[in-house]
Amino acid sequence: MKEILITNDDGFEAKGLLELAKTLKSVAKVTVVAPSEEKSACAHSLTLTKPLRLIELAPNFYKLDDGTPADCVLLGLFSLFKDKMPDLIISGINHGGNLAEDITYSGTCGGAMEGVLQGIPSLAVSQFYDGDSMEKYGFDLACEVTLKIVKKIFEKNYPLPRKKLLNLNIPAVPKENYNGLKVVPAGEKEYYLDAKRCENPRGVEYYWLGKMQMNFDRNKNLNSDLGAVLDGFASLTPITLNLTEEKEISNLKEWIKG
């Protein structure tokens, strides 16, 4: 029987994680190792300055005390899969999209990144939402699309080479308005300095980060993950961990010489 390791960055109690794990039990043995609390925007970080505790909550279901998604994958593999590695690692279903350059912030994608670094096919799954769409539509469509992709991976093998992961985003639409799956590149958003300055009752200044904006040029993103998701399609994007901009190597060499 195939085996899947699932993690996320919304925590072990997140509805997206629980519904995905339940759905995938129809095709594989599922083990969950998830953070004890939300770790959104922690990217591919590992915890190196304090010990971590792996806590079993139910058979094949664990939380990692204050761990990141990458911690969960690394320690899950080390502690629970000594004889045979899982056939697939899935990180998600994230409560919110991971599109364009937001991929670099994403703890969801970070879990999948750790998976492919360890040589295991990996898929990040995120549910985009608009207003109260997540409450209205839930995760049924995301689970259905993910299950189809997982079955295809098991039947036809993982479609990417080593150290490359799949990033799946589900649109904020009901099933009847879903337009299908598109394979597209990551888009390009516009980013701004943004934080909220506050004072506590004693007058001490503090700041809140975390307001995410969907600012982008629609015309430049017609064939990207952004355009696909906003047009009612699920987007599937191959992601590589090698960040080298190959096209700029010669330009940089000339710049150094000059």
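The values are calculated or read from the model by the stated rules, or taken from the named source; none is laboratory data. Please read all numbers here as calculations on a predicted model, not as lab measurements. Cβ placement follows ideal geometry from the backbone for every residue including glycine, while neighbour counts extend to all protein chains displayed. Side chains are part of the model used for accessible areas, which takes the heavy atoms of the whole protein and leaves out ligands, DNA and RNA. Shrake-Rupley method; radii C 1.70, N 1.55, O 1.52, S 1.80 Å.
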Worksheet item: Within the range 212-220, is there a residue that is at pLDDT 90 or above, assigned to a loop (DSSP other than H, G, I, E, B) and either in contact with a Lys or Arg (Cβ under 9 Å, 6 or more places away or on another chain) or surrounded by 14 or more Cβ atoms within 10 Å (Cβ to Cβ) (or both)?
Response: no
Worksheet, complete the sentence: Ala228 vs (1) on the phi < 0 side of the Ramachandran plot; (2) open to solvent by less than 70 Å² (accessible area, probe 1.4 Å); (3) touching a residue at least 60 places away in the same chain (Cβ under 8 Å): all pass except (3)
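Under the condition of being among the charged types (D, E, K, R) and at pLDDT 95 or above, which residue from the range 46-69 is surrounded by the most Cβ atoms within 10 Å (Cβ to Cβ)?
Here is the first cut: in the range 46-69, the residues among the charged types (D, E, K, R) are 50, 53, 56, 63, 65-66.
Remaining after also requiring at pLDDT 95 or above: 50, 53, 56, 63, 65.
On the way: Lys50: 7, Arg53: 12, Glu56: 11, Lys63: 21, Asp65: 15.
Per the criteria, the residue is Lys63.
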Discussion item. Please go through the range 102-125 and give me each residue that is of a type outside the set (D, E, K, R) and part of a helix (DSSP H, G or I), ordered by number.
Written reply: Ile103, Thr104, Gly107, Thr108, Cys109, Gly110, Gly111, Ala112, Met113, Gly115, Val116, Leu117
Discussion item. I'd like the full set of residues that are open to solvent by 50 Å² or more (accessible area, probe 1.4 Å) and part of a loop (DSSP other than H, G, I, E, B), limited to the range 70-96.
Written reply: Lys82, Asp83, Lys84, Met85
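With the structure loaded, tell me whether Lys163 is modelled with pLDDT of 95 or more, within 18 Å of the chain's Cα centre (by Cα) and surrounded by fewer than 17 Cβ atoms within 10 Å (Cβ to Cβ) or whether it fails that test.
yes
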Discussion item. I'd like to check which strands (runs of 3 or more DSSP E) are fully inside the range 1-67 and have at least 3 residues that are aliphatic (A, V, I, L, M).
Written reply: 3-7, 29-35, 54-58
Practice prompt. Note down all Cβ pairs under 7 Å where the first residue falls in the range 107-133 and is at positive phi, the second is assigned to a loop (DSSP other than H, G, I, E, B) and modelled with pLDDT under 95, and they're at least six residues apart or on different chains.
Written response: none
Response to the item:
Within the range 1-36, the residues that are more than 16 Å from the chain's Cα centre (by Cα) and closer than 18 Å to Thr68 by Cα are Glu13, Thr31, Ser36
Item to complete: Would you confirm whether any residue within the range 25-45 is among the acidic types (Asp, Glu), over 13 Å from Thr108 (Cβ atoms) and touching a helix residue (DSSP H, G or I) at 6+ places or on another chain (Cβ under 9 Å)?
Response: no
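For Asn242, state whether it is surrounded by fewer than 19 Cβ atoms within 10 Å (Cβ to Cβ) and either modelled with pLDDT of 95 or more or not in a strand (DSSP E or B) (or both). Can you show your working first?
Numbers: surrounded by fewer than 19 Cβ atoms within 10 Å (Cβ to Cβ): yes; either modelled with pLDDT of 95 or more or not in a strand (DSSP E or B) (or both): yes.
Yes: the conditions hold for Asn242.
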Fill in: Which numbered condition Gly131 fails, given (1) over 25 Å from Lys148 (Cβ atoms); (2) among the small types (Gly, Ala, Ser); (3) at pLDDT 95 or above
(3)
Item to complete: Could you list, in sequence order, all residues of the range 175-205 that are exposed (fewer than 10 other Cβ atoms within 10 Å of the Cβ) and part of a strand (DSSP E or B)?
Response: Arg197, Glu199, Glu205
Discussion item. Restricting to the range 224-239, count the residues that are among the aliphatic types (A, V, I, L, M), outside any helix (DSSP H, G or I) and in contact with a Phe, Trp or Tyr (Cβ under 9 Å, 6 or more places away or on another chain).
Written reply: 1
Fill in: From Ala28, Ala34, Ala43, residue being at positive phi and in contact with a Phe, Trp or Tyr (Cβ under 9 Å, 6 or more places away or on another chain)
Ala43
